[in-house]
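For reference, the structure is listed below as structure tokens.
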Amino acid sequence: MTMAVAAASRRDRNMRDKRDRIFRAAAELFAERGFAAVTTQEVSDRADVAAGTLFRYAATKSELLLMIYNEEFRAAIDEGERRAAPIAEPAAAINALVVPTIERSVRTPENSMAYQRELLFGLAAEPYRAEGVELVYRLEGLISARLQAHARERGLSVDSASVRLAGETVFGIINLTIARLSDAPVELSDIERNLRVQIKQVVDGLLTERNDMSNIKNVTVLGTGVLGSQIAYQTAFSGFKVTAYDISDEILAKAKERFEGLASTYQADGVAGAAEGKADAALTHITYSSELAAAVADADLVIEAIPEVLALKQQTYEQLGKVAPAKTIFATNSSTLLPSDLKDFTGRPARFLALHFANQVWKFNTAEVMGTADTDPAVFDEVVAFAGEIGMVAIPIHKEKAGYVLNSLLVPFLNAGYALAAGGYADPKDIDNVWRIATGAPMGPFQITDIIGLTTPYNILSQSGEGKQLGQWLKENYIDKGKLGVATGEGFYTYDAK
């Protein structure tokens with residue numbers, strides 16, 4: 001027994017020694033020559049380990065970068081906490097928290113930008129990326145906690161969603177500052193001065209009494225599919241009363257399960273406040289109805305998230321306009337249709353616009369707001385304010401554009417991938433691989449489609465003359481076989497059951 005323990009101890013020491021040598025070699029080479037110029041073989045040679053041994057510790061060069069810079073980031077956060085501790089003035093304290101991260105980035109800007117890319121766009125399954133994302137949440141949490149404390153000291157009532165958004169905004173400022181390091185050499189003193197100004201604007205904006213909040217209190221979401229459920233849950237999570245509407249009680253029963261799953265996801269993903277009871281509390285803010293008139297009886301805002309079929313949406317708005325109170329604002333989450341295609345069916349074009357969310361709203365928190373020529377500017381502004389209140393970054397669209405900004409970029413990209421696969425030019429996995437490898441993007445078109453769900457692109461394509469053939473290919477080869485994407489456990493890829 002003693003010999004076995006001793007052997008295991010030697011193996012552990014050998015493994016730690018190899019890991020330390022690999023870590024040290026990669027750190028030295030990245031510092032000397034930059035991440036892009038270094039190969040894994042060079043790291044193996046300097047660490048004096050076989051290439052196969054290196055890959056047991058880090059499968060890719062990107063993982064090596066994450067290993068190294070996670071430690072840098074952690075040390076920077078620790079240093080920021082120490083510096084901020086004795087500072088009373090809010091903006092100065094927040095600035096002290098984040099400056100060490102910038103200081104380390106200035107030393108090796110190329111490597112810092114590469115690390116930033118991996119955190120933002122790397123594969124979710126990579127453990128070192130998950131570790132780095134946890135560090136991001138930690139820094140945002142420290143910023144948010146400091147802001148909340150300062151708000152209490154001033155006797156201000158600031159909701160947690162606004163505090164979290166302010167923390168995320170400060171981290172966004174850090175990201176932009178790092179991204180600009182490659183533009184031209186900049187003195188650290190100039191960077192820190194600009195950082196102080198931007199952080200002060202965020203802090204002052206949060207900790208000043210404001211009267212530009214929306215008047216929206218009660219929200220009804222029509223449709224409890226993947227995105228409709230996310231919109232409803234995020235709105236409830238932000239403290240609003242939400243009614244989830246769908247066409248049958250059976251569908252609503254499934255929606256309840258989906259909401260419970262979202263509560264678990266928010267906690268697992270480290271969404272601020274989720275683990276402290278906010279995720280479960282959100283479930284108590286949601287009521288359910290399969291009767292349209294009852295669902296919208298007291299709604300200040302109705303967000304429509306039903307299937308992307310023009311005739312169905314038009315029919316729904318005709319019914320909705322007859323039963324909703326005159327005060328109610330209507331907003332469509334349509335992915336590609338223009339709000340002007342629907343406005344004449346609402347009975348209230350002045351109080352109608354588009355409010356478009358991205359999938360996984362708690363992570364990719366954009367909300368594109370787009371009106372028509374008839375939309376009341378005050379209604380537009382109120383919906384922009386509401387988007388901010390539920391933790392979204394509102395993106396005002398200045399004139400109508402089918403697909404908004406996001407889908408104007410995304411849909412042609414996805415369709416190009418479908419056309420290559422449907423035409424027999426390459427398999428979906430190989431198309432994804434060439435896109436990821438050649439561009440450095442984290443996902444290809446078919447991985448993205450699995451997250452969105454195959455039904456949405458099918459509905460879009462089936463409404464298009466040129467796209468109907470691609471839509472049919474999706475239907476026959478995947479949808480009819482129950483392969484709808486991540487939500488069903490299989491699409492173009494197979495996923496472990498949760």
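Structural remarks
- Of the residues making up region 298-315, those that are within 26 Å of the chain's Cα centre (by Cα), closer than 14 Å to THR346 by Cβ and of a type in the set (D, E, K, R) number 1.
- Every pair of residues 6+ apart whose Cβ atoms lie under 6 Å, when the first sits in region 381-406 and is in contact (Cβ under 8 Å) with a residue 24 or more places away in the chain and of a type in the set (Gly, Ala, Ser) while the second is crowded, with 16+ Cβ neighbours inside 10 Å and in a loop (DSSP other than H, G, I, E, B): ALA385/SER214; GLY391/SER238; GLY391/ASN365; ALA402/THR336; ALA402/LEU338; GLY403/THR336
- ALA282 surrounded by 15 or more Cβ atoms within 10 Å (Cβ to Cβ), in a helix (DSSP H, G or I), touching a strand residue (DSSP E or B) at 6+ places or on another chain (Cβ under 9 Å) and free of Cβ contacts under 8 Å to residues at least 60 places away in the same chain: yes
- For region 242-254, a residue qualifies if it is open to solvent by less than 80 Å² (accessible area, probe 1.4 Å) and either of a type in the set (Val, Ile, Thr) or touching a helix residue (DSSP H, G or I) at 6+ places or on another chain (Cβ under 8 Å) (or both), and the qualifying residues are VAL242, THR243, ALA244, TYR245, ASP246, ILE251.
- Residues of region 255-276 that are in a helix (DSSP H, G or I) and either open to solvent by less than 20 Å² (accessible area, probe 1.4 Å) or hydrophobic (A, V, I, L, M, F, W, C) (or both): ALA255, PHE259, LEU262, ALA263, TYR266, ALA268, ALA274, ALA275.
- Of all residues making up region 372-391, the number that are open to solvent by less than 10 Å² (accessible area, probe 1.4 Å), assigned to a loop (DSSP other than H, G, I, E, B) and over 20 Å from GLY223 (Cα atoms): 1
- Of the residues making up region 107-123, those that are among the hydrophobic types (A, V, I, L, M, F, W, C) and either within 12 Å of LEU181 (Cα to Cα) or open to solvent by less than 30 Å² (accessible area, probe 1.4 Å) (or both) number 3.
- From the list TYR128, TYR137, the lone residue that is touching a Leu at 6+ places or on another chain (Cβ under 6 Å), assigned to a helix (DSSP H, G or I) and not small (Gly, Ala, Ser) is TYR128.
- Selection of first residues in region 33-54 that are aromatic (Phe, Trp, Tyr) and of second residues that are surrounded by 19 or more Cβ atoms within 10 Å (Cβ to Cβ) and part of a helix (DSSP H, G or I), restricted to Cβ pairs under 7 Å at least 6 apart or on distinct chains, gives the following pairs, ordered by first then second residue: PHE35/LEU65; PHE35/ASN111; PHE35/ALA114.
- Of all residues making up region 59-92, the number that are open to solvent by less than 20 Å² (accessible area, probe 1.4 Å), more than 26 Å from the chain's Cα centre (by Cα) and modelled with pLDDT under 90: 2
- Hits in region 427-461 - residues which are among the small types (Gly, Ala, Ser), without any contact (Cβ under 8 Å) to a residue 40 or more places away in the chain and closer than 26 Å to SER334 by Cβ: GLY444
- Residue within region 359-368 that is closer than 26 Å to TYR266 by Cβ, surrounded by 18 or more Cβ atoms within 10 Å (Cβ to Cβ) and over 17 Å from the mean Cα position of the chain (by Cα) present: no
- Residue check, THR235 open to solvent by less than 10 Å² (accessible area, probe 1.4 Å), in a loop (DSSP other than H, G, I, E, B), polar (S, T, N, Q) and within 15 Å of VAL361 (Cβ to Cβ): no
The values are calculated or read from the model by the stated rules, or taken from the named source; none is laboratory data. Everything quoted here is computed from the prediction, not taken from an experiment. Every residue, glycine as well, gets a Cβ built from its backbone with ideal geometry; the counts of neighbours run over all protein chains shown. Remember, those area values only see protein heavy atoms, side chains included, never the ligands or the DNA or RNA. Shrake-Rupley method; radii C 1.70, N 1.55, O 1.52, S 1.80 Å.
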